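Contents: one structure, followed by commentary.
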Amino acid sequence: MKKIAVLEGDGIGPEVMQEALKILDIISDKTNIKFHYDKGLVGAAAIDAEGHPFPDSTKKNCKNSDAILFGAIGDPKYDNNPKAKIRPEDGLLEMRKFLGLYANVRPVKTYESLIEASPLKKDIISGTDFVVYRELTGGIYFGNKAISNDRKSAFDTCSYTSKEIERISHLAFKEARKRKKQLTLVDKANVLDTSRLWREIVQEISKKYIDVKVSYLFVDNAAMKIITNPKDFDVILTENMFGDIITDEASVITGSLGMLPSASVGDKVSLFEPIHGSYPEAAGKNIANPMAMILSSALMLDLSFNMKKESEIIIKSVEEALNNGFVTQDINQKTYYSTKEVGNWIYERVRGYF
Ligand code: IPM
Ligand code: MG
């Protein structure tokens, strides 16, 4: 039996999660691996119910699980208030730190049937297939920070230890070995000391992976290359904030933010989530794209449970939904289906493979 902590979170989280769980149920039915779901509150939903975005009950739930499925976090009622004492996002950051989820893995791949949905030119993006390894528990997100009492100045500190850099670098190099054996470190080593440390350490580690070709790009240049030459990339390794920014940028390549799954890898337990966020405008309307959440559950089967075959069945079924036009309105504004209809179509497809 596998224990899965299910954190639906805010906005469209609960709706897309429902579709993913339906598909996991089928897999649980058809294999001898049973999934046990333990639901927990996180984000604005948890603030409303328990006064904290990552309450103790959820902490315990996550600690005791074999993997975590996460929907989305964020509510507009907190966004425009810079003085808000508690924010849903704090729950996400605390969760990353508490569970030691130090590597955020974000695959960026184009689907042929979605090429037209991207604002970028077809011949630039067609065939893109890279993955970003974003450091997730260090850097400016977690350094010392403060606003002065008179609110006339503020600072955020970016700091990294060699240990923090080494552990994710090894993961990224290992991944490169399984792929096209190319790794690009994205940094700002012409300005920042933390970036110089990243470069030094990656250069050192690269000696242990001589079959992997390493290149180095400054983040501003990388931001440009990612949308002008996305096919040149294989594995991108980068620190926390640069990774945050370039992965949103990279999502444009795939045509819809609603397609991208991600994994946050920790020492003990890993977390799987779509990168699209809570999309509050769509919450409760049965219009959100469930594919990124479904693909996140596929990533979980592969990375946490070693169920590669079942994971591939889900991915294939999602691709077939795309090819057959069973998509939500973010992908096709003329002919589209609801969250549930798309989920059901993929569910039936998955079922047919067993
Ligand atoms: C992400 C998000 C988060 C981040 C926010 C919600 C704190 O943008 O997962 O990329 O900045 O890490
Ligand atoms: Mg982000």
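Which of the following residues is surrounded by 21 or more Cβ atoms within 10 Å (Cβ to Cβ) and touching a residue at least 24 places away in the same chain (Cβ under 8 Å): Met291, Met307?
Exactly one residue qualifies, and that residue is Met291.
Does region 226-239 hold any residues that are within 12 Å of Val186 (Cβ to Cβ) and in contact with a Ser or Thr (Cβ under 9 Å, 6 or more places away or on another chain), and which are they?
Within region 226-239, Phe233, Val235, Ile236, Leu237, Thr238, Glu239 meet the criteria.
What do you reckon, is Phe272 within 16 Å of ligand 1 (Cβ to nearest atom), at pLDDT 95 or above and not basic (Lys, Arg)?
So Phe272 fits the description; yes.
Being open to solvent by less than 10 Å² (accessible area, probe 1.4 Å), closer than 21 Å to Ile314 by Cβ and of a type in the set (A, V, I, L, M, F, W, C) is the requirement here; does Ala67 meet it?
Considered against the rule, which asks whether it is open to solvent by less than 10 Å² (accessible area, probe 1.4 Å), closer than 21 Å to Ile314 by Cβ and of a type in the set (A, V, I, L, M, F, W, C), Ala67 comes out as yes.
Quick one: how many residues across region 202-241 are in contact (Cβ under 8 Å) with a residue 12 or more places away in the chain, open to solvent by 50 Å² or more (accessible area, probe 1.4 Å) and more than 16 Å from ligand 2 (Cβ to nearest atom)?
Within region 202-241, residues that are in contact (Cβ under 8 Å) with a residue 12 or more places away in the chain, open to solvent by 50 Å² or more (accessible area, probe 1.4 Å) and more than 16 Å from ligand 2 (Cβ to nearest atom) number 10.
Return only the number of the condition from (1) modelled with pLDDT of 95 or more; (2) hydrophobic (A, V, I, L, M, F, W, C); (3) within 15 Å of ligand 1 (Cβ to nearest atom); (4) closer than 23 Å to Leu295 by Cα that Phe54 does not satisfy.
Status for Phe54: all satisfied but (4).
Being touching a strand residue (DSSP E or B) at 6+ places or on another chain (Cβ under 7 Å) and touching a residue at least 40 places away in the same chain (Cβ under 8 Å) is the filter here, so list the residues in region 22-44 that pass it.
Leu24, Ile33, Val42, Gly43
Given the conditions (1) within 16 Å of ligand 1 (Cβ to nearest atom); (2) open to solvent by 10 Å² or more (accessible area, probe 1.4 Å); (3) on the phi < 0 side of the Ramachandran plot, which single one is not true for Gly277?
Gly277 satisfies every listed condition except (3).
Among what's in region 247-287 and is touching a Lys or Arg at 6+ places or on another chain (Cβ under 8 Å), among the β-branched types (Val, Ile, Thr) and closer than 24 Å to Met95 by Cβ, pick the residue that is farthest from ligand 2 (Cβ to nearest atom).
The selected residue is Val269.
What helices (runs of 4 or more DSSP H) completely inside region 1-104 contain at least 2 residues that are more than 25 Å from Asn344 (Cα to Cα)?
44-50, 56-63, 76-79, 88-98
Given the options Pro82, Pro55, name the one that is open to solvent by less than 20 Å² (accessible area, probe 1.4 Å) and without any contact (Cβ under 8 Å) to a residue 40 or more places away in the chain.
Just one listed residue meets the conditions, Pro55.
The values are calculated or read from the model by the stated rules, or taken from the named source; none is laboratory data. Predicted model, so just to flag it, every value in this text is computed and none were measured. With ideal geometry, Cβ positions are generated from the backbone for all residues, glycine too; neighbour counts draw on all protein chains shown. Heavy atoms of the whole protein, side chains included, go into the accessibility calculation; ligands, DNA and RNA do not. Shrake-Rupley method; radii C 1.70, N 1.55, O 1.52, S 1.80 Å.
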